[in-house]
1. With a ≥ b ≥ c the root eigenvalues of the C-alpha gyration tensor of the range B:107-171, is it rounded (a/c under 1.5), prolate (a/b larger than b/c) or oblate?
2. Around B:Lys202, with a cut-off of 12 angstrom between Cβ atoms, what is the net charge of the other residues, counting Lys and Arg +1 and Asp and Glu -1?
3. Rounded, prolate or oblate for the range A:14-147? Axes are the square roots of the Cα gyration tensor eigenvalues, ordered a ≥ b ≥ c, and the cut-off for rounded is a/c under 1.5.
4. Would you list which aspartates and glutamates come within 15 Å of B:Lys230, measuring only between C-alpha atoms, while excluding same-chain residues fewer than 8 positions from it?
5. Cross-link partners among aspartates and glutamates for B:Lys51, C-alpha distance below 13 Å, same-chain residues fewer than 8 apart left out?
6. Could you state the angle between the C-alpha long axis of helix B:203-213 and the longest principal axis of the C-alpha atoms of chain B, as a value from 0 to 90 degrees rounded to the nearest 10?
7. In a Gaussian network model over chain A where Cα atoms closer than 10 Å are linked, find which of A:Leu188, A:Leu157, A:Leu35 has the largest mean-square fluctuation.
8. Among B:Leu325, B:Leu150, B:Leu310, which one shows the biggest mean-square fluctuation in a GNM of chain B, springs joining Cα atoms closer than 10 Å?
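Read the figures in this text as sums done on the coordinates, not as results from a lab. Every value quoted in this text rests on a predicted model; they were computed, and no experiment measured them. In this analysis, Cβ positions are derived from the backbone assuming ideal geometry, glycine residues included, and neighbour counts consider all displayed protein chains.
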Amino acid sequence: MSQAALEANQPRIGAHPGRLGNALFGGSAWIFAILVLVLLAGVMISLISGAWPAFQHFGVSFIWTEVWNPNRARYGALAPLYGTVVSSVIAMVIGVPISLGIAIFLTELCPTYLRRPISTAVELLAAVPSIIYGMWGLFALVPLMQKYIEPAIIGSLGNIPLIGDLFQGPPYGIGLFTAGLILSAMVLPYMVSIMRDVFETVPPQLRESAYGLGATTWEVIGSVVLPYSRVGVIGAFMLALGRALGETMAVTFVVGNSYHIMKSILAPGATISSSLANEFAEADGLQLSSLLAEGFLLFVLTFTVIGMARLMLLRLQRKYG
Amino acid sequence: MSFTVVRTLRPAAFGAFSLLLAAGSAQAVDITGAGATFPNPVYQKWAEAYKAKTGNAVNYQSVGSGAGIKQIEANTVDFGATDKALEEDELKKNDLVQFPAVIGGIVPIVNLPGMKDGELKLDGATLGGIYLGTITMWDDAALKKTNPTLKLPHTAITVVHRSDGSGTTYNFTYYLGAVNADWQDKVGANTAVDWPVGVGGKGNDGVAALVQQTAGSIGYVEIAYALTNKLTYTDMMNHDGVYVEPKLSAFQAAAANADWKSAPNYRLVLANQPGKDSWPITAATFILVHGKQTDAEKGKTVLGFYDWSLKNGQKMAEELLYVPLPESLVKQIEATWAADVKGPDGKPLWP
């Protein structure tokens, strides 16, 4: 290689990439960005066209009908929709306080020598494949739930008037509650790592001034750290909720796969993704179309969650200027 | 070409000579099939032995009956496998030829502490009642009646069924419909049904795992899954009112009663067969191939594989507790091949 060519290969700081280079880079960046929109639209269109026969056949009542009978070709999405929402809500109810606690501990209270091991452990939780969570759930958690945890819940919470119905029935071990519990463990690492990162963005001056004014740790967290990072925290919750709504394999293992809505959250149920996982390979005709319609509803549900999160953030930002 | 040679020579000297010929030609024909999970263990065994004999590899994917039907219709595999025989018009529509390959037994399994294999006796009406949710406790009067000497616990029954579409479910629900009018009326038979009660497990192994873990549960699986998972199976009352144990001989007795000659397209459900030794939930599983093959070599190899397996694979099947097809039926099947399976040139591919 000649000396000139070698020099030409050297990166030159401040060198002008030229008109063509600029156009190429700008153009490809545009294409990649547009590609996301095209993909999203493509998914949407193929879902709608696949789901069309089901919506045409059952009408909009498909959404609030509780029946799933492949034998008589009658389908309705209410039971899986209900299961999807309930299991995700359970996951959030259990997961949010725990992850908030872990993140606060890591950034505010944790001795330095413990910070790394705990952070790494939490991140490793995210690396566990969901099928492993499912198998662990079925073989390790379900027997515990069946023998100890659920009987205890039924015996205590089950007797409370009004909400007691939510915690009654035989302890199957599998069901919506167990699914929610597994989901909470699965979404935990996402919430913790995002929250830890946003807590760390709180300027040390703010923290130190608060401490300097004599605030307790509790007050610093409540009046400085959380308000400063609220957008990121809510973002973490929403990301976790989105993941919980769509989680498939782990839930399929422990949810019970029953298309009936029971009063008790301990009873078996189904989620949209579990019903897809169970039946997609074998379905055809109206059943396949109904499954795709379910998929479409899940899409809309997740979309709504993200949309609501955006709205909430906007309003929060306006409120706090 | 070596295939033709092998085929004509088979009756005389199959063993080493054909092996030599097949191995000699580098053109082993690989075929793929997909479908039912129920016969998967025996198909894998046959495929292994067939490859050792002929060099032709058979790749069978146990993806479920429904998926198997879809794949053969879409022509992405050389043969499909299903536990639910297709109807005449479904076969016609996609130009498919159907034949049975092997027979097996489905057994109820229970998880009752202290209960031994075959100790609990069930009749069809009771099993139907349990799956309908009308019988909810293990010490129900109906169960006490069929088990007067057993001490049954006062615990709730957890019903376990398949959560995926399944040929095993089809045969099981068909049986329940045949012995329980209520079941036929409210639920019916299909690869997936609207289960009135219970929890669902994915696949035979999913059901086995749930039953294993849930005290007081009942489920149904193909017999091999009950044995390998050491689950407690029950005895069943058969069509003749006799309690039988799920054993190879009981499956054979049910199979022997089957009238294949008068079943169009071999569409025969073996549930609730007469005979005092017959196991009531016995099922045949079927193979689907295209009536007009686009690739003569592959078409011949599929038929060759089943010809070899049906004639040489009986022992392998029995070891896995499947019932091999009787000789008369194999003859009938090969006559069907000769009549209905044609090459791209329109000439019969068999024999």
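1. prolate
2. -3
3. oblate
4. Output for B:Lys230: B:Asp117, B:Glu119, B:Asp205, B:Glu222.
5. B:Asp30
6. 30 degrees
7. A:Leu35
8. Comparing B:Leu325, B:Leu150, B:Leu310 in the GNM, the peak value goes to B:Leu150.
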